[in-house]
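Q: To start, I am sharing the structure in question, which I have written as structure tokens.
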Amino acid sequence: MIRSKLLFSLIFCLLISTVDAQEKPNVVIVFLDNFGWGEPGFNGGGITRGTPTPRMDKLADEGFRLTNFNVEVQCTPSRSALMTGRYAIRSGNATVPIGEGVYGLVGWEVTMAEMLSDNGYATGMFGKWHLGRTEGRFPTDQGFDEWYGIPNSTDESVYSEMDGFAESQVPETMVMEATKGMKPKNVRPYRLDYRPLIDRDLTDKALDFMERSVDSNKPFFLYLPYTATHFPTMPHPDFKGKTKNGPWADLLLQIDSYLGELQDKIDDLGVSQNTIFIFTADNGPESLNHGSTNMTVETSIQGTAGPWRGTLFTGFEGALRVPFVIKWPGKIKGATVSDEIVHAMDLFPTLSALTQSKVPDDRIIDGIDMSDFMLGKKKESGREGFIVYMGKDIFGVKWKNWKLHFNEQEAWNTVKNTYTMPKVYNLYEDPQERNNVLFPHTWVPKAALKQLEEHVISLKQNPPIPQGQLDPYEPE
């Protein structure tokens, strides 16, 4: 009798834990690199860029598309904001690292992966990290159960082809693999021979991770920061020349195809109704500034931000606005569009609410919980604007349909102009941000600058983590 009761209790507990696991939605974030607002067909790109993007467009038809989703303007800051829900200036990751020293997220920061892991999720990352490549700073030190990819940026794949690199004593970038609790292993050098192939491997590993997670009846968080749309642009051999419209069109077709594979796998696994699927990017496109002449022999890969001015490393909308779709069948209404302002750092508290995970309460979280907005319970996102950083410099403030610019630069390699009076742009009337309407709209700074004042005060009360801060770190 006692054995029967114990057996019944054990079976009951297992059933309850199984139900709990099934009730927690899976989370997939596909995060493209330097991918402009105007690239997908659903934002006016696709065929105008050389190839249809049917799977991107289908995702947009089935999901909730945001036309005013914003990020930070460099790779590392955007990834930091996404992972922590905080302005990158707070975490010491406001700029892309250039040297070989320590950088990235300190152990004290709580990442999205840690938040979901603590809630019973399997966590897998496949792709570009860019938030640390020294002991204690790898993805598997920051909440991911497993990782395959590159610690830094894809431009490093060209190093071995450069004259003088072999004698420079700069270490060659490696493709790495790791599991939680183990030191990452070097898999192979990240050279041009592997550059076109890596995203195929990332996709295969992502598909396998989802299948293993479902087989183990565990909710999963898949973070898939692809590399392909970053320089050097080299489509996989399966797609090279396929569109007959050049390498960028081939690559766009490749991305669309891989996205379709992920969607089909989720359907095949029978978990589409319980999976939150997000498609977005880290910042605007790579492109030469207007009027420049490309002198290279190879085709210049010119990204597009659609109607918006600017590219990555600027404070213009072209750097800030990126494509965004979120899909959750039966929960988030499909075929809907909003121009409400949302920022990448909002995904941290939003996914916390949607997965019933815990947000840290011992630090400032700049992100806003958008769960009711995403679920259609509210028409407004709750965010009126945000501070526009370029590195450690405040370039401007975005407020509703207005932008204030204190600093401007046309592209990543041009001179920074600083103004004694801010420039003011009306984004509805002037998406190219060229017509300064400070006069007669001097009321706009009075309305917009309140958020900047509050932000500056918060930085004084809670000083940012210094860039290159060593572990262990605890705020004073």
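The values are calculated or read from the model by the stated rules, or taken from the named source; none is laboratory data. The structure presented is a predicted model; accordingly, all values stated were derived computationally and were not measured. Cβ atoms come from the backbone with ideal geometry, glycine included; neighbour counts cover every protein chain shown. Side chains included, ligands, DNA and RNA excluded: accessible areas come from the protein's heavy atoms. Shrake-Rupley method; radii C 1.70, N 1.55, O 1.52, S 1.80 Å.
Q: Going through the range 169-195 one residue at a time, which ones are at pLDDT 95 or above and out of contact with any helix residue (DSSP H, G or I) (no Cβ under 8 Å at 6 or more places or on another chain)?
A: Scanning the range 169-195 gives Met174, Met176, Glu177, Lys183, Lys185, Asn186, Val187, Arg188, Asp193.
Q: Here's something else I'd like to know. I'm trying to understand the selection: among the residues of the range 230-245, which are open to solvent by less than 30 Å² (accessible area, probe 1.4 Å) and modelled with pLDDT under 95? Lay out the reasoning, then the answer.
A: So in the range 230-245, the residues open to solvent by less than 30 Å² (accessible area, probe 1.4 Å) come out as 230, 232-233, 235-236, 239, 243.
Answer for the range 230-245, where residues must be open to solvent by less than 30 Å² (accessible area, probe 1.4 Å) and modelled with pLDDT under 95: His230, Pro232, Thr233.
Q: Here's something else I'd like to know. From the list Glu156, Glu161, Glu146, which one is at pLDDT 95 or above and of a type in the set (Asp, Glu)?
A: Unique residue meeting the criteria: Glu146.
Q: Taking only the range 443-455 into account, find how many residues are without any contact (Cβ under 8 Å) to a residue 12 or more places away in the chain and either within 25 Å of the chain's Cα centre (by Cα) or part of a loop (DSSP other than H, G, I, E, B) (or both).
A: So the count comes out to 0.
Q: Name the single residue that is surrounded by the fewest Cβ atoms within 10 Å (Cβ to Cβ) among those in the range 335-367 being in contact with a strand residue (DSSP E or B) (Cβ under 8 Å, 6 or more places away or on another chain), under 23 Å from Glu72 (Cα atoms) and among the aliphatic types (A, V, I, L, M).
A: This residue is Val337.
Q: Quick one: would you say Pro466 is under 23 Å from the mean Cα position of the chain (by Cα) and not in a strand (DSSP E or B)?
A: Judged against the criteria, Pro466 is a match.
Q: Oh, and also: I'd like to verify a number: residues in the range 126-154 that are within 26 Å of Pro25 (Cα to Cα), assigned to a loop (DSSP other than H, G, I, E, B) and hydroxyl-bearing (Ser, Thr, Tyr), how many?
A: Total satisfying the criteria: 0.
Q: Let me ask something else about it. Name the one entry in Lys423, Lys450 that is open to solvent by less than 60 Å² (accessible area, probe 1.4 Å), out of contact with any Leu (no Cβ under 6 Å at 6 or more places or on another chain) and more than 30 Å from Thr134 (Cα to Cα).
A: Step by step, each of Lys423, Lys450 is checked, and only Lys423 is open to solvent by less than 60 Å² (accessible area, probe 1.4 Å), out of contact with any Leu (no Cβ under 6 Å at 6 or more places or on another chain) and more than 30 Å from Thr134 (Cα to Cα).
Q: For residues that are within 16 Å of the chain's Cα centre (by Cα) and in a loop (DSSP other than H, G, I, E, B), scanning just the range 92-116, find the one that is surrounded by the most Cβ atoms within 10 Å (Cβ to Cβ).
A: Among residues in the range 92-116 that are within 16 Å of the chain's Cα centre (by Cα) and in a loop (DSSP other than H, G, I, E, B), the one surrounded by the most Cβ atoms within 10 Å (Cβ to Cβ) is Asn93.
Q: Are any of the residues in the range 303-314 aromatic (Phe, Trp, Tyr), touching a strand residue (DSSP E or B) at 6+ places or on another chain (Cβ under 6 Å) and part of a loop (DSSP other than H, G, I, E, B)?
A: Yes.
Q: Taking the criterion of being of a type outside the set (Lys, Arg), surrounded by 22 or more Cβ atoms within 10 Å (Cβ to Cβ), touching a Gly at 6+ places or on another chain (Cβ under 9 Å) and outside any strand (DSSP E or B), would at least one residue in the range 117-125 satisfy it?
A: no
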